[in-house]
1. So what's the gap between the Cα centers of the stretch 212-286 and the stretch 320-375, to the nearest angstrom?
2. Could you calculate, for the stretch 119-229, the ratio of the Cα radius of gyration to the Kirkwood radius, expressed as Rg to Rh?
3. At most 14 other Cβ atoms within 10 Å and a DSSP loop assignment: could you name the chymotrypsin sites (Phe, Trp or Tyr not before Pro) in the stretch 211-303 that fit?
4. Figure the gain on full extension for residue 291 and residue 33 (residue separation times 0.36 nm, minus the Cα-Cα span) and round it to one decimal in nm.
5. Specify, per residue and in Å³, the volume enclosed by the convex hull of the alpha carbon atoms belonging to the stretch 331-423.
6. For the chain, report the convex hull volume of the alpha-carbon atoms normalised per residue, in Å³, without decimals.
7. Counting just the Cα atoms, what span does the stretch 101-180 cover along each of its three principal axes? Round to the nearest Å and put the largest first.
8. In bins 10 Å wide, starting from 0, what share of all Cα pairs of the stretch 245-319 does each bin hold, as a percent?
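Bear in mind that the values in this text are calculations on the coordinates, not laboratory data. No experiment lies behind these values; they were computed from the predicted model shown. Reconstructed Cβ throughout: ideal geometry from the backbone, glycine too, with neighbour counts over all protein chains shown.
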Amino acid sequence: MHDIRLLRESPDVLRDAMRRRGKSDALGPAIDRAVTLEQERRAAIQACEERKAARNTASQEVARVKKAGGDASALLGAAKAIGDEITALEAREAEVQSELDSILAELPNITAPEVPEGDESSNAVVRAWGTPGAGGAQPHWDVGERLGILDLQRGAKIAGSGFIVHRGLGARLQRALLSFMLDIHTREFGYEEAWVPFFVNRDAMTGTGQLPKFEEDMYALRDDPLYAIPTAEVPLTNLYRDEILDGARLPLAMTAYSACFRREAGAAGKDTRGLLRVHQFDKVELVRWCAPEDAAAQHELLTSHAEAVLQRLELPYRVVLLAAGDTGFASAKTYDLEVYAPGVGKWLEVSSCSTFTDFQARRANIRFRPAPGEKPRFVYTLNGSGLALPRVVAALLEHHQAADGSVTVPAALRPYLGVDRIG
């Protein structure tokens with residue numbers, strides 16, 4: 001959510017932000033409407049305050065006349081008329097506020113100045129690690145089925161396209177990766193682990209920016225007002241909704257495993273084979289809360305934590321700074337971590353590490369008090385995958401293929417999986 005003062009004082013900042021995202025045509029009229037509504041809202045508030053003052057004066061006059069034994073019926077009628085005006089003004093103010101809130105909820109965050117303009121073609125690679133494997137590797141869906149660790153056909157049979165069954169060492173690989181990642185983040189990087197609900201209410205989804213804009217992409221329960229989470233970002237960030245944090249405790253860092261559910265998987269009509277685009281998957285999420293002045297450094301730190309996992313899995317990757325038009329709705333700046341999968345010959349996104357400024361905090365009303373007695377301020381939130389499993393597994397199966405058809409297990413993962421090869 002944006003600071004309402006932007007509409008009053010700097011609406012061109014919002015207009016330029018939408019232009020940088022390539023959304024001027026779609027959202028420019030909405031901003032113009034929001035500016036008009038904010039003016040009307042403030043006028044209604046002022047008029048209402050003026051009428052309340054007039055009502056107080058009228059009430060005092062009624063009391064004076066009655067005390068003197070006079071007839072106050074005309075004054076009472078005038079006071080009632082003022083009361084009716086106040087009721088009408090308050091109703092109009094509420095109506096305007098509701099429309100204004102709806103518009104603001106649909107406006108994406110303002111991207112950071114260093115984020116390049118343009119669509120995904122303007123994304124910039126900022127660094128890379130490792131050497132991408134040469135061509136000739138088998139795609140992971142062939143490897144997984146040959147080794148008996150992926151059962152794509154039966155997954156589709158029991159749940160539909162985009163749902164996967166992992167079997168034998170494939171199932172153990174899921175558990176091993178989750179424990180491996182959580183141990184790194186908690187034992188080495190100082191994150192507090194949480195075990196969170198996989199279903200949340202509408203307020204939680206709204207707080208992190210999934211609702212109302214992306215409601216069609218969510219799985220919702222039929223008989224309860226709950227949504228299946230698309231990422232543990234949602235329950236983690238909302239842990240502190242409507243709270244004021246102690247500034248001395250910042251930054252806070254939490255991590256959690258969760259299953260993730262996304263209806264939009266495969267909607268683009270590409271990358272639908274194997275593990276590349278699925279409706280349900282497992283992920284370890286990283287979330288941080290900090291003071292505004294620390295956000296840039298915290299973003300780099302969080303990204304390095306996700307990178308460390310890829311390095312220990314011995315997977316070549318690159319860090320990509322997303323252009324404004326490719327940056328997520330709530331994000332101000334995002335680094336995508338992409339691993340190279342030689343079997344499909346593509347770079348696969350396995351993590352998005354984002355800083356949100358106070359955009360989510362305003363929606364969820366998460367503040368901190370810098371020092372005792374000081375006025376609370378909105379925190380800055382950050383999150384990133386550390387990591388998402390499906391494409392990590394795809395890259396492992398494709399990058400670590402051995403000549404005998406087995407898959408070599410990276411040394412750091414062997415204590416968790418219990419074997420040094422999958423064959």
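1. 13
2. 1.04
3. Within the stretch 211-303, no chymotrypsin sites (Phe, Trp or Tyr not before Pro) qualify (loop, at most 14 other Cβ atoms within 10 Å).
4. The span from residue 291 to residue 33 would gain 89.6 nm if fully extended.
5. Once divided by residue count, the hull of the stretch 331-423 is 137 Å³.
6. Hull volume over Cα atoms, normalised by residue count, gives 171 Å³.
7. 48, 40, 27
8. 15, 31, 35, 16, 3
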